[in-house]
1. Among the residues of region 212-227, are any closer than 24 Å to Thr296 by Cβ and out of contact with any Lys or Arg (no Cβ under 7 Å at 6 or more places or on another chain)?
2. Answer yes or no as to whether Cys51 is open to solvent by less than 10 Å² (accessible area, probe 1.4 Å) and assigned by TED's automatic domain parsing to the domain that holds Lys18.
3. When the residues of region 40-60 are filtered to those that are among the polar types (S, T, N, Q) and part of a strand (DSSP E or B), which remaining residue is nearest to ligand 2 (Cβ to nearest atom)?
4. Report yes if some residue within region 4-12 is touching a Pro at 6+ places or on another chain (Cβ under 9 Å) and on the phi < 0 side of the Ramachandran plot; otherwise report no.
5. Any idea which of Ser235, Ser275 is in contact with a Gly (Cβ under 8 Å, 6 or more places away or on another chain), within 20 Å of Ser114 (Cα to Cα) and open to solvent by 40 Å² or more (accessible area, probe 1.4 Å)?
6. Going through region 238-295 one residue at a time, which ones are hydroxyl-bearing (Ser, Thr, Tyr), farther than 25 Å from Phe211 by Cβ and in contact with a helix residue (DSSP H, G or I) (Cβ under 6 Å, 6 or more places away or on another chain)?
7. So Val101 ticks every box in (1) more than 14 Å from ligand 1 (Cβ to nearest atom); (2) more than 22 Å from Ile150 (Cβ to Cβ); (3) assigned to a strand (DSSP E or B) but one. Which box is left unticked?
8. For region 187-216, which positions are out of contact with any helix residue (DSSP H, G or I) (no Cβ under 9 Å at 6 or more places or on another chain) and within 16 Å of ligand 1 (Cβ to nearest atom)?
Amino acid sequence: MEEIDIKTTREVGSFSYKALLMARDMVKPGAKLLDVAQKVESFVKDNGFGCAFPINLSVNEEAAHYTPTLSDEKVFGENDIVKVDFGVAKDGILGDCAVTVDLSEENAKLVDASKKALENAIATIRHGVAVKEIGKVIEDTIESMGFSPIRNLGGHLVKVHELHSDIFVPNYYNGDDTVLEEGMTVAIEPFATSGNRDLIVESDVCEIYGFAGEGLVRSPDSRKVLKEISEKYGSEPFAVRWLSNVISDKFKLYLAIRDLLRSGSIQQYPMLVGSGMITQAEAEVLVTKDGCEVLTK
Ligand code: MN
Ligand code: MN
């Protein structure tokens, strides 16, 4: 990896973490999700970064991929367990980190399970480690605390303009011998659940999409939105609410989104849900010869 890439990678990691903590500190009972999202995303832009993806504010049994809608009135509840997942972007270098906020402070053990799993996973990472070994550490840690890891979510290799690249880091021992190598940027993200189902499923809710290619769309509204998406976001996912500058009418905007989805111009990232309370901890690391460097700190 060239020197300039490492410098930007570190800069993106550290700013992602700064933005994450800013969001974390705004998560309070009664606070509007939309306010948190807008403030943090503006802060990122004001500092010369882009968003690697829209901020995810997923509550309780929601595992991931909830981002506020255009006119979202939702507020955090007193007993909510909130997963804040976010990262910034610069020159295609992408950050990705997450933390769980336990508003009632009655779920400390469940929060700790994913946090400890992340710490233990980080301690095992070095050049040549197999991803199944990382998965085993995550699984053992979470199960020793009486919970289950979510098995169909996990960490991932991060490349330029490619947040979820071609190595999957499981949250359990899956037998995969793929090894991590020095110089790789990898996101590690254990999810722990108190539910009886250790797999999450896609819901009908979807506010996050990504550009997939120029499909056949005829309506002027859809074409306008597609132009904005391809020019502004390219390969990085976007939130529907980011497009209100193109079409201010909410109904028309969602119609255009549906049209673009049908034409294959965009892909969807629906909200993912589990069967019980879920916590998450995520960090992005740079794999080194003897260990790893946490970038999102
Ligand atoms: Mn993430
Ligand atoms: Mn991730």
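1. At the first step, the residues of region 212-227 found to be closer than 24 Å to Thr296 by Cβ are none.
Within region 212-227 (the criterion being closer than 24 Å to Thr296 by Cβ and out of contact with any Lys or Arg (no Cβ under 7 Å at 6 or more places or on another chain)), the answer is no, since none of the residues qualifies.
2. no
3. Taking region 40-60 first, the residues among the polar types (S, T, N, Q) are 42, 47, 56, 58, 60.
Next cut, part of a strand (DSSP E or B) only: 56, 58.
Working: Asn56: 10, Ser58: 13 Å.
Filtering first and then ranking leaves Asn56.
4. Taking region 4-12 and keeping what is touching a Pro at 6+ places or on another chain (Cβ under 9 Å), we get none.
No - not one qualifying residue is present in region 4-12.
5. Ser275
6. Step one: of region 238-295, the residues hydroxyl-bearing (Ser, Thr, Tyr) are 244, 248, 254, 263, 265, 269, 275, 279, 288.
If we keep only those that are farther than 25 Å from Phe211 by Cβ as well, we get 275, 279, 288.
Thr279, the sole residue that qualifies.
7. Of (1) more than 14 Å from ligand 1 (Cβ to nearest atom); (2) more than 22 Å from Ile150 (Cβ to Cβ); (3) assigned to a strand (DSSP E or B), only one is false for Val101: (2).
8. Ala187, Ile200
The values are calculated or read from the model by the stated rules, or taken from the named source; none is laboratory data. These numbers come from a predicted model, not from an experiment. Positions of Cβ are generated from backbone atoms using ideal geometry, with glycine treated the same way; all protein chains shown enter the neighbour counts. Note: accessible area is taken over every heavy atom of the protein model, side chains too, but ligands, DNA and RNA are not part of it. Shrake-Rupley method; radii C 1.70, N 1.55, O 1.52, S 1.80 Å.
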